[in-house]
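Student: Encoded as structure tokens, here's the structure I'll be asking about.
What follows draws every value from the coordinates through simple rules; no lab data is involved. Keep in mind that this is a model prediction, so the values were computed, not measured. For neighbour counting, all protein chains shown are included, and Cβ atoms are generated from backbone atoms with ideal geometry for every residue, glycine included.
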Amino acid sequence: MSVRLWDKGGATDAQMLRYTSRDDWQLDQRLLAYDLRATIAHVRGLARIGVLSETERDALVRELEVLAAQNEAGELRLTEDDEDGHSAIEAALVARIGDAGKKVHTGRSRNDQVLVAMRLYERDALDELAEQATAGARALLDLARREAETPMPGYTHLQRAVPSSVGYWAASFVEGLTDAVDVIRATRALVDRCPLGGAAGFGVNLPLDRAGVARELGFAGVALNPLASQTSRGIIEAQILAAAWQVVAVIRRLAWDLSLFAMSELAFIRLPEAFTTGSSIMPQKRNPDVVELMRAACSVVQGALAEVQSLVALPSGYHRDLQLTKGPTMRGLDEALATSRLLPRLVEGLAFDRERMARAITPECFATDRAVELAVQGIPFREAYRNVAAEIASLPAGDAAASLRARVSLGAPGNLALDDLARRLERQAR
Ligand code: ARG
């Protein structure tokens, strides 16, 4: 066993240690690059207030940069013996440069160290999630443009309702994803404050250059009250997972629709062959497993969110319970990212069967149009509604394209305003 940062000479139970560390060192492997970056900023900050000499600072920064390069090359592997990444960094510094390494932890605690590493990781993950959600929205916008006027039935309660279009259907996902990106952006702003310098959660008796450290790490500002940032752990993560949930909830609806549209009896779409899987026993099968797992992704994120929320039930100050917010946060973000990364290519590969969709728009789908037309001619709508209801069985076949064109109010199938959607999307991407 390597010596713990907090070792004071007494005996420590090995089983207890394994229990408290659990998989934390594996999760910390992913935080290591961020932890090293934050440690460099911390060291420079300490030198600015005279706590470290320039020589010590240079030795520490040089070694931390070497560690970062080794980590990048996959050569810095944490083990269970390290307890966590924070301990591993200090141990490596002490092993390589001795006394200067022993000074790195002046004025900080693992409590603010893990907070800052998580926030740096989360900022990157949220940025990628916004990027992927935007890429998915762009693919759906292209589909909406390509098939703007392609008729398909619109359903309520899974019952045929009125004529709709592929463009209209696709545009609904564009808007849903664009809303989700707004939520991601708002969440990012919460994450974008630097908690480093709060130490164990109550500040420290040094005039730390917190603003300078925050700036070096690219944060928009400082997370002011250390007790607030310490106890934000879990609250911020829940918000992050809620934002990720919003992305995958929109994708879940898409996945559900696609699995229905691909069902043999409807057969409105065919998935790209490369996006289907086979059956081990039924030679003819091309299964939409991918769509089903994209649907299930939402449950994974939701479970992670519930796990994190349930941990936010603590009095003021750091508690080791908070360590358990790390796993579900990473799991939820990984799931949302993996799912959203697939979206553009899936959408690009969709092939719609216009013939089958047109045939599914049966005469009764025009009943609402008919009732409204009569109302426009002066018959009170309720009366028109009843008249049309009485002759449903004998309604003539309608013209789906004309029905779509006639729905001209803003956002409706005849007035999709795709350029407005595109502008909103591009504004977000800036
Ligand atoms: N692995 C710990 C966590 O994620 C690091 C902080 C440990 N702090 C402590 N006081 N034991 O919360």
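Student: Is there a quick way to get the dipole size of segment 164-281? I mean about its Cα centre, with the Cβ of Lys and Arg at +1 and of Asp and Glu at -1; what is the value in debye to the nearest 20?
Tutor: Values: 9 positive and 10 negative charges, 63 e Å.
I would put it at about 300 debye.
Student: Can I ask one more? Just in segment 1-77: which GluC sites (Glu not before Pro) are loop by DSSP and have at most 14 other Cβ atoms within 10 Å?
Tutor: Those that pass, being in a loop and sparsely packed, are GLU75.
Student: Run through segment 1-31 and list the trypsin sites (Lys or Arg not before Pro) located in a DSSP loop whose Cβ has at most 15 other Cβ atoms within 10 Å.
Tutor: The qualifying sites are ARG4, LYS8, ARG22.
Student: Mind pulling the angle between the C-alpha long axis of helix 326-348 and the longest principal axis of the chain? Nearest 10 degrees, somewhere in 0 to 90.
Tutor: 40
Student: Hey, what angle do you get for helix 381-390 against the long axis of the chain, alpha-carbon based, 0 to 90 degrees rounded to 10?
Tutor: Value to nearest ten degrees: 70.
Student: If you don't mind, there's one more thing I want to ask. Please identify every one of the chymotrypsin sites (Phe, Trp or Tyr not before Pro) in segment 260-336 that sits in a loop by DSSP and has no more than 13 other beta carbons within 10 Å of its own beta carbon.
Tutor: Values: sites: PHE261, PHE268, PHE275, TYR318; in loops: PHE268, TYR318.
Sites meeting the loop and neighbour criteria: none at all.
Student: Could I ask something else about it? Note the full-extension length gain between MET282 and GLU373 as 0.36 nm times their separation in residues minus their Cα-Cα distance, in nm to one decimal.
Tutor: 27.7 nm
Student: First measure r as the distance between the Cβ atoms of ALA161 and ALA186, then evaluate 1/(1 + (r/R0)^6) with R0 = 35 Å and state the FRET efficiency to the nearest 0.05.
Tutor: The computed FRET efficiency comes out at 0.55.
Student: What whole-number distance in Å separates the alpha-carbon centres of segment 134-155 and segment 1-53?
Tutor: Cα centroid of segment 134-155 versus Cα centroid of segment 1-53: 50 Å apart.
Student: Follow-up question, since we're still on this one. Expressed in nm to one decimal, what extension gain is obtained for the pair GLU72 and ASP99 from 0.36 nm per residue of sequence separation less their Cα-Cα distance?
Tutor: Numbers: separation 27, 0.36 × 27 = 9.72 nm, distance 2.57 nm.
Length gained, GLU72 through ASP99: 7.2 nm.
Student: In debye, nearest 20, what is the charge dipole magnitude of segment 221-279 about its Cα centre with +1 on Lys and Arg Cβ and -1 on Asp and Glu Cβ, if you could check?
Tutor: 160
Student: Classify segment 238-392 as rounded, prolate or oblate from the Cα gyration tensor: take a ≥ b ≥ c as the square roots of its eigenvalues, call it rounded if a/c is under 1.5, otherwise prolate when a/b beats b/c and oblate if not. Write down the numbers at each step before the final one.
Tutor: Numbers: a/c = 3.79, a/b = 1.60, b/c = 2.37.
Here segment 238-392 falls in the oblate category.
Student: Note the full-extension length gain between ALA390 and ALA412 as 0.36 nm times their separation in residues minus their Cα-Cα distance, in nm to one decimal.
Tutor: Full extension of this stretch gives 5.2 nm more.
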